[in-house]
Amino acid sequence: MKQKLTKWRLFTVVGLMALVLSGCGEPFLSTLIPAGEAGQTAYDLMMLSTWIMVGVVIVVSILFAVAVIKFRRKKGDTSIPKQVEGSHILEIVWTVIPILLLIILAIPTVIATFDLADTKAMDKKNEDGTTDALVINVRANLYWWEFEYPNQKIMTSQDLVVPTDQKVYFNVKASDVKHSFWIPAAGGKIDTNVENVNQIWLEFDNEKAADADNLFYGKCAELCGPSHALMDFKVQALPQDEFDQWVASMQAIDAAAAEAAPTDPTAAAGQEVFNQKCLSCHAVTTADARPEPARTAPNLAGFGDREMVAGILEHNEEELKNWIEDPEQYKPGNKMTGTYGELSDEELDQLAAYLMGLKVEQ
Amino acid sequence: MAAEQKFTPQTWPESPEQATLEGKNKFLGFWFFLGGETVLFASLFATYLALKDSVPSDTHAKAADLFELPLVFLMTMLLLTSSLTSVFAMYHMKNYNFKKMQQWLFITVVLGLAFLGCEIYEFNHYYHEYEHKFTSSAFGSAFYTLVGFHGGHVVFGLSWIIALMIRNAKRGLNLYNAPKFYLASLYWHFIDVVWVFIFTVVYLMGMVG
Amino acid sequence: MSTIAHTQKKGFAGTVWEYLTTVDHKKIAILYLLAGGFFFIVGGIEAMMIRIQLAVPNNDFVSAGLFNEIITMHGTTMIFLAAMPLLFAFMNAVMPLQIGARDVAFPFINALGFWLFFFGGLFLNLSWFLGGAPDAGWTSYASLSLASEGHGIDFYALGLQISGFGTLMGGINFLVTIINMRAPGMTYMRMPLFTWTTFVASALILFAFPPLTVGLFMLIFDRMFGSGFFDVSMGGNTIIWEHFFWIFGHPEVYILVLPAFGIFSEIFPTFARKRLFGYSSMVFATVLIGFLGFMVWAHHMFTTGLGPIANAIFAVATMAIAVPTGIKIFNWILTIWGGSIEFTVPMLYAVAFIPSFVMGGVTGVMQAAAPADYQFHDSYFIVAHFHYVIVGGIVLGLLGGAHFYWPLMFGTMLSEKLGKITFVLFLVGFHLTFFIQHFLGLMGMPRRVWTFLEGQGLETGNLISSIGAAFMALGIIVLLVNVVITQKNNVQVGRDPWKDGRTLEWALPSPTPYYNFKQLPLVRGLDAFWIEKLEGKTEMTPAEPIGDIHMPNNSFMPFVISLGLFIAAFGAMYHADEGKGWAIPVLIIGMLITFGAMLYRSIKDDHGYHIHKEELLDDAGKGGTH
């Protein structure tokens, strides 16, 4: 029995080290492959604490294994071992050593806590109210994400686009229930509260982003309802020049551009359907001037360029039609189901053609 | 010592509430209970402070608009005095003077009822004059919950003392009911102490702003 | 008189009535064990459903909404309705005997505590049949719990409120019992560790439950009576709920784990035949853990946005708890060091506990590092961590304790052979289930997800985890078989069945007489019974001559008081619904039943009865059964 136990301990310890050393998970999702400074800070602290703790586990396991193996009772042994009351020296040793280890861990913890909370750059406003730092306002909703770029005056949803190699600052909040904003590869999470705005910064290394094909996964980390598990979003981390290009082309989607009829007749018919059934909730221009409570559904400007449909389905017309036909099947408890009545197959085709055609000008 | 043994003032023990094991247990257990109650009220105070003046719009009354010192001062005096009269009652309980104990308890109850009457008037006033309701704002919810929990304690304390007075009216003191009287009075003191904090934190600090 | 009261009713109905009205701590312990065991199995079935759903990606074994109900009920049931009552079972069964008391300080309140817990738990679980269970997680964070439709959250708030009152009463009762009812010579520093941990856990209950009570009241008021504590549009603030929940929730962890530590602290010396190493530092560490337990609640809220100053303070405070916990671990190892270890089933659990719990402890320290916790928080890493603590600490303690104290509670001995099978299945299953979850979390899997998508590298880990869960389930099934077989065979084992019992509870004849000690024992040191045995005695030296024993009367009132609240809760819950005019009358009737029963209890004198000296002398040869 005790051998089995010891082996099991060894197995777990070795397993832990092997897994940690090799790094694991997918580069677009795993906290163990940090994509930038914030993630790296957390990762370094995780590793420091892990190694200290592995050391503790090893020491305890060895002591424990020796005790369990060495002091088994022999068959028929009725002797009574020496009754030891305790040992002051030992007590001091195993009080002081853990305290020292904890101090080693506590100092970088405190430093990193303040580093990661340093969002002073957000407060340095220029005369026109903009900031030099890139600020993104994140608003979490059941079950989608809105990303507003106040300096650039553009808005998007579901696909967050950020430049690499610079700190990106976020204001986060929720509009219905509490969610939590988490891009595991880029760094720690921050809750999106219903009563206040939280701030956080993240950073994406250009090279690390390239390893992940410039695309990271984001998650909701706080239980928010039936489709909590499906409240994913994507993060496109682009080099600065590509990001600037993206911003410019998004800014080009003004009201006039959005209202212009597509050349494709199917898509044009789809636009009509959209204007009738969807436009009251979904905007298709990046400069949506409506106040927050009126923005009850994801902004669809540039939808054709997105990575996923509804954050979870493959980005093609087929899945898009499936989604529009019955959102409840894919995201139970979502707020879209039942708001636009039945759509015929033809209308679905038209809508899909229209939506897939919503691309930014290249 | 049997619980129903008859006593004279001479044989009556010094601390009748703790003369039996049951009495000792009740005494200690009740103190622990009051410890828990303290945490309960501390939580309510914290909530109140967090939500004080937290109203959905400016049309809702805030603390500085609501409270008036004279009434609250009267209530404080009533409750403080009732605490003192319950001390007198316990003094006579310890001296095995049942009749005087009952008299002082009666005065305590009257004062407590007067306090309660003032509180009902006060709530009614806020409700109708200022539209300050339990359901009108977070501030209203927190206010009525804190002060109302205290009021609920007053009601329970009064019922308890009245029940004891009636139940034991004919048979006088013994070691079985002495701890009960003692604990009811202890409870009454606790209610009084909580009120002192409500008076300070809710009313005085509320009027200062 | 006593014999009349206790032998009047026989047969099944008589037994049921006896248990409905009992105020005997040993019988209440059995009630707690039965009810807690039942809820443990319910919670276990819920756990299995979770793991089946998550065994493969995109699974549809349960729907998304149902899944949230299952995880909520799994957590709530296991913490409030399984772990706590099972620990209360051992506290009731063992603690009064360990300190040489005739009963607890308030036998009536003891029974009331049980029935409140039971009716609260029953109410909570009725939600499954009355429109759906709570679905906002066991933490029930306010914005989601207000948004949740149906009555699920109402069941949660009202059910926990009722059972919470019961727990609070239990806590006060144990505190007073330990302070006032110790046998002659049983000084504080001679109390067995299980009594000490019961003492500290009870103190934690006393100070930790009121914040939960207040939080639950606010939730009840917000959902059922139109208040606005957590409603932002009325000026409310949901963070208040988070604070209150965790001001309760963190000490709750220690409320659960300290008594488990206590059980292990009894098992180690017994089967190593060696006194507990560093007794006084163990006591000190217990008290310190209890104290620090109140200083660290905000480490559950590192990502809430409290700011770097609060986060840094709570991070360092949390790390500090590792020190007294470490002291305990090393003391246990040094207890078996140099001992003579016999691997009985309880000892196997105790031995397995050390590495398992250390794993849970060290990941706890890792999370104390706030910036690292921004990554761990609400991911499967957390799920792994707290299951290592709760299963590796508390459940192993409960299973070990069940085997260890079974003879004390039932006079029979669970099969060692089946016990070892349970142990192996459970332990292997436990590590298989939860170890891999650390990595799932690090790989980006959030907690409380109903399903996960393919292609994110999460498939293998989840499948392994689900397989592990099946092993645990098998282990528990074997345990149930073991219990049935043991009770059917009903082989009575007599006094000191483990042969190496050290503390007072083993000095009693088996089954324990209903008045416990005929004469209060004289305690001459730590491990009082062991001291006597070393001098060749088989019983404790009495501290008093045989005399009359004062006993409390049975009472049906605890049941009625609790039933009243149970009824009132339905009224409170349904009164906000359209067309349910009966709800308010039901609320009032329920409260009247409760207060009426309390008044009845208060007015009607109940002096108990005496067992006379002569009867005790008669009982001498028979060992006293009841």
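The values are calculated or read from the model by the stated rules, or taken from the named source; none is laboratory data. Note that the coordinates shown come from a computational prediction; the quantities given were computed from them, not determined experimentally. Note that we place each Cβ from the backbone using ideal geometry, even for glycine, and neighbour counts take in every protein chain shown. Quick note on the areas: whole protein, heavy atoms, side chains included, nothing else; ligands and nucleic acids left out. Shrake-Rupley method; radii C 1.70, N 1.55, O 1.52, S 1.80 Å.
Within the stretch B:130-141, is there a residue that is open to solvent by 30 Å² or more (accessible area, probe 1.4 Å), under 25 Å from C:M234 (Cα atoms), aromatic (F, W, Y) and more than 13 Å from chain C (Cβ to nearest Cβ)?
Scanning the stretch B:130-141, I find at least one residue that is open to solvent by 30 Å² or more (accessible area, probe 1.4 Å), under 25 Å from C:M234 (Cα atoms), aromatic (F, W, Y) and more than 13 Å from chain C (Cβ to nearest Cβ), so the answer is yes.
Considering only the stretch C:409-440, state which residues are farther than 20 Å from C:M84 by Cα and away from chain A (no Cβ under 14 Å).
If the condition is that a residue be farther than 20 Å from C:M84 by Cα and away from chain A (no Cβ under 14 Å), then C:F410, C:G411, C:T412, C:M413, C:L414, C:S415, C:L418 are the ones that fit.
Are any residues in the stretch C:231-267 under 16 Å from C:V200 (Cα atoms) and either outside the structural domain of C:A208 (by TED's automatic domain parsing) or out of contact with any helix residue (DSSP H, G or I) (no Cβ under 8 Å at 6 or more places or on another chain) (or both), and if so, which ones?
Once the filter is applied, which keeps residues that are under 16 Å from C:V200 (Cα atoms) and either outside the structural domain of C:A208 (by TED's automatic domain parsing) or out of contact with any helix residue (DSSP H, G or I) (no Cβ under 8 Å at 6 or more places or on another chain) (or both), the stretch C:231-267 yields nothing.
Can you name the residue in the stretch B:62-105 that is open to solvent by 60 Å² or more (accessible area, probe 1.4 Å) and of a type in the set (A, V, I, L, M) and is also nearest to the chain's Cα centre (by Cα) among such residues?
B:L80
Give me a count of the residues in the stretch C:360-388 that are of a type in the set (A, V, I, L, M, F, W, C), without any contact (Cβ under 8 Å) to a residue 60 or more places away in the chain and at the interface with another protein chain (Cβ under 9 Å from one of its Cβ atoms).
Selection size over the stretch C:360-388: 5.
Taking the stretch A:278-297 as the region of interest, how many residues are basic (K, R) and modelled with pLDDT under 90?
Of the residues in the stretch A:278-297, 1 are basic (K, R) and modelled with pLDDT under 90.
I'd like the full set of residues that are among the hydroxyl-bearing types (S, T, Y) and within 30 Å of C:L616 (Cα to Cα), limited to the stretch C:551-596.
Answer for the stretch C:551-596, where residues must be among the hydroxyl-bearing types (S, T, Y) and within 30 Å of C:L616 (Cα to Cα): just C:S555.
Which condition from (1) open to solvent by 10 Å² or more (accessible area, probe 1.4 Å); (2) within 12 Å of another protein chain (Cβ to nearest Cβ); (3) assigned to a helix (DSSP H, G or I); (4) of a type outside the set (S, T, Y) is the one that C:F118 breaks?
Failing condition for C:F118: (2).
What pairs can you find where one residue is in the stretch A:108-121 and within 7 Å of another protein chain (Cβ to nearest Cβ) and open to solvent by 80 Å² or more (accessible area, probe 1.4 Å), the other is part of a helix (DSSP H, G or I) and not β-branched (V, I, T), and their Cβ atoms are less than 6 Å apart, with a gap of 6+ or different chains?
A:F114/C:P308
Failed condition for A:D205, given (1) within 14 Å of chain C (Cβ to nearest Cβ); (2) open to solvent by 10 Å² or more (accessible area, probe 1.4 Å), with all others met?
(1)
Would you confirm whether any residue within the stretch A:305-312 is within 14 Å of chain C (Cβ to nearest Cβ) and in a helix (DSSP H, G or I)?
no
Kindly check whether there is at least one residue in the stretch A:302-317 that is within 29 Å of C:G65 (Cβ to Cβ), among the β-branched types (V, I, T) and surrounded by fewer than 17 Cβ atoms within 10 Å (Cβ to Cβ).
No, the stretch A:302-317 has no match at all.
Cβ-Cβ under 6 Å, sequence separation 6+ or interchain: first residue in the stretch B:77-102 and modelled with pLDDT of 95 or more, partner of a type in the set (G, A, S) and surrounded by fewer than 21 Cβ atoms within 10 Å (Cβ to Cβ). Which pairs?
From residues that are modelled with pLDDT of 95 or more, the pairs are B:L78/B:A114.
Restricting attention to the stretch C:497-540, which residues are over 23 Å from C:F264 (Cα atoms) and of a type in the set (S, T, N, Q)?
Once the filter is applied, which keeps residues that are over 23 Å from C:F264 (Cα atoms) and of a type in the set (S, T, N, Q), the stretch C:497-540 yields C:N516, C:Q519, C:T538.
Among the residues of the stretch A:122-170, how many are free of Cβ contacts under 8 Å to residues at least 24 places away in the same chain and under 19 Å from A:H282 (Cβ atoms)?
So the count comes out to 2.
Please find, among C:R502, C:R495, the residue that is in the same structural domain as C:F40 (by TED's automatic domain parsing) and open to solvent by 20 Å² or more (accessible area, probe 1.4 Å).
C:R495
Can you go through A:A65, A:A121 and tell me which one is under 30 Å from C:T344 (Cα atoms), assigned to a helix (DSSP H, G or I) and not assigned by TED's automatic domain parsing to the domain that holds A:P327?
Result of the check over A:A65, A:A121: A:A65.
Counting only residues that are more than 30 Å from C:L112 (Cβ to Cβ) and open to solvent by 50 Å² or more (accessible area, probe 1.4 Å), give me the helices (runs of 4 or more DSSP H) lying completely in the stretch C:509-626 with at least 1 of them.
Where helices (runs of 4 or more DSSP H) fall fully within the stretch C:509-626 and carry at least 1 residues being more than 30 Å from C:L112 (Cβ to Cβ) and open to solvent by 50 Å² or more (accessible area, probe 1.4 Å), they are C:528-534, C:613-619.
Say whether the condition of being of a type outside the set (V, I, T) and in contact with a strand residue (DSSP E or B) (Cβ under 9 Å, 6 or more places away or on another chain) is met by at least one residue in the stretch C:89-101.
yes
Can you tell me which of C:G411, C:G393 is touching a Phe, Trp or Tyr at 6+ places or on another chain (Cβ under 7 Å) and not acidic (D, E)?
One residue alone meets the criteria, C:G393.
Looking at the stretch C:51-65 only, could you name the residues that are open to solvent by less than 20 Å² (accessible area, probe 1.4 Å), in a helix (DSSP H, G or I) and not polar (S, T, N, Q)?
Passing the criteria: C:R51, C:A64.
Being facing chain A (nearest Cβ under 7 Å), under 23 Å from the mean Cα position of the chain (by Cα) and under 30 Å from C:R502 (Cα atoms) narrows it down to one residue among C:V395, C:V351, C:V391; which is it?
Going through C:V395, C:V351, C:V391 in turn, the sole match is C:V351.
Those residues that are closer than 30 Å to C:V424 by Cα, facing chain C (nearest Cβ under 9 Å) and either more than 23 Å from the chain's Cα centre (by Cα) or at pLDDT 90 or above (or both), I need them from the stretch A:12-47; list them, please.
Within the stretch A:12-47, A:T12, A:G15, A:L16 qualify.
Any residue in the stretch A:48-61 that's facing another protein chain (nearest Cβ under 8 Å): show its pairings with residues that are among the polar types (S, T, N, Q) at Cβ separation under 8 Å, as long as the two are six or more apart or on different chains.
That search, which allows pairs on different chains as well, returns A:M53/C:T363; A:S61/A:T6.
Counting only residues that are part of a loop (DSSP other than H, G, I, E, B) and free of Cβ contacts under 8 Å to residues at least 24 places away in the same chain, which one in the stretch A:171-202 is nearest to the chain's Cα centre (by Cα)?
Selected residue: A:N193.
What is the number of the single condition among (1) within 7 Å of another protein chain (Cβ to nearest Cβ); (2) in a helix (DSSP H, G or I); (3) within 20 Å of C:R275 (Cβ to Cβ) that A:I89 does not meet?
Condition (1) is where A:I89 drops out.
Among the candidates C:F217, C:F199, single out the residue that is assigned to a helix (DSSP H, G or I) and in contact with a Leu (Cβ under 7 Å, 6 or more places away or on another chain).
Just a single option satisfies the conditions, and that option is C:F199.
Quick one: A:I80 ticks every box in (1) more than 30 Å from A:N198 (Cβ to Cβ); (2) modelled with pLDDT of 90 or more bar one, so which box is it?
Here A:I80 meets the rest and fails (2).
What is the residue count in the stretch A:72-127 for residues that are among the basic types (K, R) and in contact with a Ser or Thr (Cβ under 9 Å, 6 or more places away or on another chain)?
5
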